[in-house]
Structures are given as structure tokens and as C-alpha cells.
């Protein structure tokens with residue numbers, strides 16, 4: 001029996017294999033065979049090897065157990081200061097604002113929630129403006145949604161929330177306000193729009209802002225009173241509410257092209273900047289209608305609220321692969337994301353939301369193939385350019401990345 | 001600070017990592033002098049070699065322990081035991097599902113100063129000022145150390161529960177009473193659940209798991225390889241479960257972390273039944289089935305192991321992680337032994353343990369003198385496990401007040 005096979009057979013600890021093999025190699029064949037037959041001798045050898053090992057390279061007396069994403073730096077534990085019920089199925093959580101962190105209106109936070117023993121991550125837009133004393137996220141309960149149910153039903157003042165961010169580029173530069181800011185949305189999509197409206201009016205009390213809000217029934221409309229109050233205080237803010245219940249049951253009223261034309265008529269087309277956030281059908285309708293009127297490209301920003309799904313485990317390789325980036329290499333364990341693997345190897349990569357929602361971690365795939373959690377914030381053009389989000393990418397092969405310039 | 005001995009001075013010449021390892025060997029050797037009864041010492045020696053010298057529990061690989069015991073079959077199904085049957089009935093009714101009973105959605109932050117797992121007073125932080133680490137109350141380092149100490153304790157609970165899972169399965173094979181086997185089966189289930197909940201708490205909430213402490217390893221090893229069922233019983237059901245019950249009770253009373261408190265509440269109720277079973281089974285056996293010589297061996301064994309548990313559970317894994325570069329192992333031992341939390345821990349442990357030793361007949365006149373000398377006889381008047389249900393124990397703990405360490409006695 002070869003030393004390698006002998007040690008593999010009887011010495012389970014890879015560390016003791018390192019120590020044992022050189023010793024075993026020097027033994028004559030007969031001695032090796034005798035050893036292999038005696039469980040007592042191999043057991044004793046293993047003990048000796050482990051002891052030598054513990055003297056030369058001590059292992060720490062504990063192991064750290066990683067949680068998905070927990071190995072990544074930048075998570076904060078923030079205290080919930082107040083829970084306010086906004087509508088029957090939505091609450092606002094007022095969360096302490098960490099010192100020295102300044103967000104842009106329209107950004108979102110990512111929470112890591114522990115639900116029934118499992119960890120889930122969910123992103124929610126801030127409804128507070130950057131000059132407010134604490135952060136406020138407003139969460140609407142989605143039927144069957146574990147994250148939103150947890151946040152709307154179980155979180156109490158005094159609890160802490162594991163938080164990342166703020167992240168995202170659905171934002172407004174307060175120093176470069178457009179001539180006409182048009183905010184279109186519905187349902188929980190009103191959340192970032194409310195923050196954007198407040199931020200624009202704080203930067204310039206006379207700014208021309210139009211909010212076009214669609215909702216099913218009056219009671220569901222988030223921030224209704226606060227938005228009305230804002231409108232009373234600012235002549236430049238016009239609020240148009242489109243309630244489904246104002247139509248008939250057969251043909252409920254939804255935001256339509258006439259509403260859009262009406263809103264756009266408040267200024268010239270070229271000075272308008274449009275932010276759209278709400279249910280998918282509404283967003284598609286608005287983006288298409290704007291395109292037909294020649295409003296598109298950088299003038300229109302959209303934000304989609306979606307649940308991200310990781311790629312099926314059976315698509316992923318079952319053995320480690322190698323990540324190459326910036327002249328360095330890191331092993332990627334099965335199931336690990338590129339970002340987690342790079343961080344574990346102390347290769348610093350940019351990231352923020354860890355949910356594929358903000359684009360902070362985008363890199364270009366030079367070689368290899370990955371599976372990304374979907375949906376995410378990359379568009380078709382970016383995918384054609386082989387851009388990937390490292391925070392939600394799991395490698396299918398060895399992978400080489402480079403920064404996207 | 002402790003006065004250095006010749007050994008200490010010799011150790012000081014070694015580099016720090018080797019110093020620590022050598023000190024643990026010295027401590028292992030000290031076992032020979034600490035254990036008075038030569039017979040008990042000889043019995044523990046192989047386990048001590050495996051635990052202290054070979055560090056089998058700390059190699060990061062599974063440990064195989066040869067178990068030699070006789071499985072007891074009775075084809076006539078005799079041996080009715082009313083008290084055991086009653087315990088079996090209660091155990092069936094009190095089964096719980098950790099998945100449903102506990103709110104695992106609670107977000108546990110071990111560093112949250114408002115819901116600490118252990119109170120500040122538990123550890124003698126003031127003493128560490130002398131070593132140049134002030135650790136002000138509420139500082140990140142102080143909270144980290146406190147959280148690690150709690151994690152260490154819970155890790156040892158987990159390892160102890162794994163020992164209990166395997167030992168209770170062995171004992172279920174060994175006992176001659178059918179009702180004992182029935183009851184034993186529920187205990188195996190209980191222990192599995194305890195392993196489940198502690199493991200889940202440690203891995204999903206605290207995200208850290210400490211190795212098994214050498215001293216705990218030695219006791220578990222000694223029980224697993226001992227072929228005599230009553231030694232497994234004595235070691236696991238009376239000594240380790242008694243130790244655990246004391247520790248669970250203390251932690252239940254002190255912790256501000258709601259999930260852990262709930263978890264311990266359930267575990268304590270199960271454990272109280274386990275110790276009760278140990279008392280019933282051994283009381284009978286020790287009264288009728290042993291020669292005076294054999295009984296004497298059990299008496300000595302229980303006494304020595306009780307002292308080992310008192311003197312040796314000193315969180316050395318925490319020492320290696322945080323303090324090995326600052327003080328000697330000996331100084332650490334002294335500081336830990338004299339911290340209020342550990343004093344209270346020893347108090348609650350012996351309060352549970354000694355009355356049970358009395359109930360099973362291991363506290364005769366000869367032993368009373370030994371316990372007297374060790375300062376432990378004052379616990380002998382307490383209620384044993386057959387007189388104290390889990391509910392009563394919890395009510396007593398609740399009445400003592402929450403989060404208060406003032407009653408430290410020993």
C-alpha cells in the first residue's frame with residue numbers, strides 16, 4: 001500500500017496526512033503493511049500527527065459559522081424607533097440614522113430578516129428625505145410575502161434590523177433639478193416618489209413637481225395626507241390621483257395617456273425628467289407612452305420592486321472553481337457568490353445592496369460563465385456587454401472579471 | 001495575582017503559544033494529584049490522556065469512542081416500575097416541537113447592550129484593568145467578550161447534550177426495567193431536540209461554535225467507554241445533567257435575550273425529568289445490587305467528578321482566544337473562578353447535585369466528611385429531583401428574580 005493510500009485510508013484529517021506522509025514514505029514496505037492492518041497503530045499515528053500539528057499550527061478553539069451574505073462587511077444593526085400604521089396593510093418603520101451616512105432621495109435599504117429560522121433579504125425604498133432626522137421605510141404587505149408580512153406584522157419599536165445600504169440610482173441630484181419633475185407611480189411605488197418630491201421641494205421651494213398617483217381605492221393610498229399637506233405648502237407641486245374606484249367595476253379607471261399628456265403639458269417636453277415606480281403594467285404603459293412622445297433615455301428613470309430568485313442549485317457546479325480578478329485568484333465554493341468569494345479572499349470589490357438591485361457591484365465577464373439571480377437591475381444592452389452583478393452571480397465555470405469602464 | 005510557582009517560572013521561558021499548550025499539559029498532569037482516590041484516578045486516566053494530551057475533541061474531525069456495554073433483552077416483559085411508568089406518561093405528554101414552540105424569527109444580536117445574553121456582572125471585568133485592558137462597560141470589546149463567554153457556555157451545553165443523546169441511547173439498551181426502556185426512549189428524543197435547539201441557536205443566531213472543553217470531553221469519554229450501565233447513569237443523568245440543570249437555571253434567570261430564555265424554559269422542564277429518572281433508577285440499584293466495595297467506588301467517583309467540575313470548567317477556549325497573550329493560564333483560572341457568575345454557577349450546580357447524590361445513597365457518613373471538607377455539605381438538605389418537578393424549579397427560579405446576581409453564595 002502506498003503511503004498516500006495508507007494515510008488516505010486511515011487518517012481522515014487532511015492536516016495529519018501532511019504530517020504522516022513524510023514519515024510513512026520512509027518506512028520499509030513490510031512495516032507499512034503491518035501498520036495498515038492494525039487499527040490501533042494507525043489510530044495512534046493519527047493522534048501523534050494531530051498533536052504535532054497542534055503544536056506547529058494551532059487551530060482556533062472555535063469555528064465561525066457564516067450566514068448567507070453575513071461574511072460581507074458593511075451590515076449595520078439599526079434600531080427601530082417607531083412603527084406607524086399607514087394604511088390597513090402598510091406600515092412605516094422609523095429607523096435610527098447611522099452617524100455620518102448621507103443617502104440620496106429615492107434610494108433603498110436592504111434588510112436581512114430572520115424568518116422561521118431562515119434568513120431572507122429584502123429591499124425597501126426610503127420614504128424619508130435626506131434631511132429628516134431618521135430613516136423611514138414604508139412597507140406594504142404583499143399576500144404570501146414572508147418579508148413584507150414579517151415587517152408589517154411582527155417588528156416592534158426597540159427591535160433591531162440588520163441593514164445594508166442605502167443603495168440604488170433611482171435618485172435626484174438636488175443641485176441639478178430639472179425644469180419639471182414628473183413622478184409617476186402607484187401602490188407601494190409611491191414610497192421613493194414621496195422622498196423625491198420632498199427632496200426636490202427642500203432644495204428649491206418653488207420647484208415644479210407633478211405627482212401622478214394611481215391607486216385602487218382611496219384608503220390604500222400611501223402618504224395621502226402628507227402629500228396633500230406638502231401640496232398646500234408648495235404652489236409648484238401638483239398632485240393628480242387616479243383612483244380605480246372612480247371608474248366602473250367593469251372598466252376600472254387607471255392612469256392613461258390623457259393623464260400623461262395632461263401632466264406633461266405643465267412644461268416643455270425637453271425640460272421634463274420622469275421617475276416611474278409602481279406595478280409592472282403601469283410602468284410598461286407609462287414608459288411606452290413616454291417613448292411615443294419622444295421622452296426617453298436619461299430623461300426617464302424607473303425602479304422595479306421584484307423578488308429576486310437565486311439560480312437552481314442543480315445548475316451550479318458541485319466543486320470549487322476559481323475566480324480571477326485584478327491579477328489575483330480566489331476559490332469559489334459551491335453556492336458562494338463571486339462577491340462573497342472575493343471578500344473571503346480579501347479582494348476588495350465594490351458593492352452595496354447585495355440583492356442585484358443597485359448595480360454598485362457591476363463588473364465585466366472576460367472569461368467563463370455565471371448564473372445570476374433574477375430579476376436584477378441589468379438591462380439587455382448591459383447583458384450583451386457581458387456585464388454581471390457579482391453579488392448575485394454564482395460561477396458555472398472558472399471565471400475572470402475586470403472592471404467595467 | 002497568584003504567586004508564581006517553579007512550574008510557572010519554567011513555563012514563562014517558552015514562547016506564548018507553546019506556553020499555553022504546555023500549561024494545559026501541566027494541568028492534565030495535576031489531575032493525578034487532584035484526585036485523591038487512586039482507583040478513580042486510574043479509571044479516569046485513559047480518558048484524561050485522550051482528552052488533555054491527544055486533544056481528541058479538538059482535532060476538527062469526528063471522534064470514535066469504543067462503547068462496551070451489554071444490551072439487556074427481556075422476552076417476558078416483566079419489571080414494572082410505577083414511578084418510571086408515570087415519568088414515561090408525563091414525558092409523552094410534555095413533548096414539544098422546537099420548530100413550533102419557539103419563535104425563531106427573533107433577531108438575536110449578541111452585541112446588543114439592551115438585551116445582553118449575560119449581564120455585565122457575570123464576569124469580573126474590573127479585574128482585567130490590572131492587565132492593561134480596561135474594557136469599559138458597554139464598550140464593543142466588553143460586549144464581544146461577554147457574547148463570546150455566553151457562546152462558549154452554550155457550545156459546552158451543546159456538546160454535553162450530544163453526550164447525553166448517545167449515553168441515553170446506551171442506557172436505554174442497558175436497563176433491565178421495561179418501563180425504564182420506555183422512558184429512556186423519550187429521553188433520547190428529548191436529547192435530540194436539545195441538540196437541535198442549541199445547535200440551531202448557536203449556528204443561526206450567534207454564528208459561532210466553540211470546541212468541546214477538555215474536561216467535559218474527559219468526563220464524556222469516561223462514560224461512553226465504561227461498560228457498566230450504572231456508571232453511565234451516574235455520570236450522565238446525575239452529574240452532567242445536574243451540572244447542566246444548574247447552568248441552565250442560572251442562564252435562564254440571568255439572560256435578557258428572549259429566545260434563549262424561552263428555549264431554556266423548555267429544556268429545563270425536560271432535564272428535570274431526566275435527573276428524576278436517574279434518581280429512581282440508581283436509588284434502587286445502589287440499595288440492592290452492589291457490594292459495599294462497588295458502592296464505595298461510585299461514592300468516590302461522584303465526589304471526585306463533582307470537584308473536577310467545580311475546579312476545572314474555566315473557559316480556557318475563551319482564554320486562548322482573548323487573553324493568552326496577557327496573563328498566565330493560572331491567573332486566568334483564578335480570575336474566572338472568583339467572578340460572580342462562576343460563583344453563582346457553582347452554587348446552583350451543587351444545590352441541584354448534592355441532594356440527588358443523597359437520594360441515591362452516595363452520601364453516607366464517610367462521604368459527608370469529604371463533602372464537609374470541600375465546603376459542599378451545606379447543600380445536602382435540599383430537595384432532590386424526585387421531590388422537585390421542572391415546573392416547581394422554574395417557579396422557584398422566577399421567584400428569585402430576573403437578571404440578579406446578588407445571591408452568589410459559594
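Where a number appears in this text, it was derived from the coordinates with a stated rule and is not lab data. It should be emphasised that the depicted structure is a prediction, and the values quoted were computed from it without experimental measurement. All Cβ positions, glycine included, derive from the backbone under ideal geometry; neighbour counts span all protein chains shown.
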(message) Connecting C-alpha atoms closer than 10 Å in a GNM of chain B, tell me which of B:160, B:390, B:375 has the biggest fluctuation.
(response) B:375
(request) Classify segment A:180-303 as rounded, prolate or oblate from the Cα gyration tensor: take a ≥ b ≥ c as the square roots of its eigenvalues, call it rounded if a/c is under 1.5, otherwise prolate when a/b beats b/c and oblate if not. (result) oblate
(message) So if the hydrodynamic radius of segment B:248-294 is defined as the Kirkwood radius over C-alpha pairs, what does Stokes-Einstein give as its diffusion coefficient at 37 °C and 0.692 mPa s, in µm² per second?
(response) 256 µm²/s
(request) Take every DSSP beta bridge whose two residues both sit in chain A, then give the antiparallel share in percent to the nearest 5. (result) 65 percent
(request) Would you order B:123, B:248 from fewest to most other beta-carbon atoms within 10 Å of each residue's own beta-carbon? (result) B:123, B:248
(message) Pick from A:313, A:345, A:50 the residue whose mean-square fluctuation is largest in a GNM of chain A, springs joining Cα atoms under 10 Å.
(response) A:50
(request) Please report, in Å, the Rg and the Dmax of chain A, where both are computed over Cα atoms only. (result) 28.1, 98
(request) Compute the projected area of the convex hull of the Cα atoms of chain B, averaged over all viewing directions, and report it in nm² to one decimal place. (result) 19.9 nm²
(request) Could you list B:96, B:152, B:177 in order of exposure, starting from the residue whose Cβ has the fewest other Cβ atoms within 10 Å? (result) B:96, B:177, B:152
(message) I need the shape label for the protein assembly as shown. Rule: rounded when a/c is under 1.5, else prolate if a/b > b/c, else oblate, with a, b, c from the alpha carbon gyration tensor.
(response) prolate
(request) Return the ratio Rg/(2.2 N^0.38 Å) for segment A:313-402, where Rg is computed over Cα atoms only. (result) 0.97
(request) Give me D for segment A:76-167 in µm² s⁻¹, whole number, from Stokes-Einstein with Rh from the Kirkwood sum over alpha-carbon pairs, 10 °C and 1.306 mPa s. (result) 121 µm²/s
(request) Would you mind giving the three semi-axes, in whole Å and largest first, of the ellipsoid equivalent to segment B:115-270 according to its Cα gyration tensor? (result) 34, 17, 12
(request) Of the DSSP beta bridges with both residues in segment A:313-402, give the percent that are antiparallel, rounding to the nearest 5. (result) 80 percent
(request) Over the whole of B:103-109, what's the average partner chain Cβ count within 10 Å per residue? Rounded to a whole number, please. (result) 6
(request) For segment B:94-152, divide the Cα radius of gyration by the Kirkwood radius and give the resulting Rg/Rh value with two decimals. (result) 1.15
(message) Rounded, prolate or oblate, given the Cα gyration tensor of segment B:311-399, with a/c below 1.5 counting as rounded?
(response) oblate
(request) Convert 4 °C to kelvin, take the viscosity as 1.567 mPa s, use the Kirkwood radius over C-alpha pairs of segment B:239-366 as Rh, and evaluate the Stokes-Einstein diffusion coefficient in µm²/s, rounded to a whole number. (result) 78 µm²/s
(message) Let me understand segment A:140-180 better: what is its radius of gyration from the alpha carbons, and its Dmax, in angstrom?
(response) 16.3, 43
(request) Quick one, can you get me the convex hull of the C-alpha atoms of segment B:1-115 expressed as volume per residue in Å³? (result) 332 Å³
(message) As a test, work out the antiparallel percent of DSSP beta bridges whose residues both lie in the protein assembly as shown, rounded to the nearest 5.
(response) 65 percent
(message) Rounding to the nearest 10 and keeping the result within 0 to 90°, find how far the Cα-based axis of helix B:82-93 lies from the longest principal axis of chain B.
(response) 60 degrees
(request) Could you tell me, in Å, what Rg and Dmax come out for the Cα atoms of segment A:231-310? (result) 14.6, 46
(request) Calculate how steeply helix A:224-233 sits against the longest principal axis of the alpha-carbon atoms of chain A, using the helix alpha-carbon long axis, and give the answer as 0 to 90 degrees to the nearest 10. (result) 60 degrees
(request) Rank these for me by crowding, B:238, A:115, going from fewest to most other beta carbons within 10 Å. (result) A:115, B:238
(request) Kindly express, to the nearest 10 degrees and within the range 0 to 90, the angle between helix B:140-174's C-alpha long axis and the longest C-alpha principal axis of chain B. (result) 20 degrees
(request) Can you tell me the relative contact order of chain B? Whole percent, Cα pairs under 8 Å, sequence separation 6 or more. (result) 23 percent
(message) Let me see the P(r) profile for segment B:215-260: every Cα-Cα distance counted, bins of 10 Å, each bin given as a percent of all pairs.
(response) 26, 39, 23, 12, 1
(request) Among A:372, A:51, A:363, determine the one that fluctuates most according to a GNM of chain A built with springs between C-alpha atoms less than 10 Å apart. (result) A:51
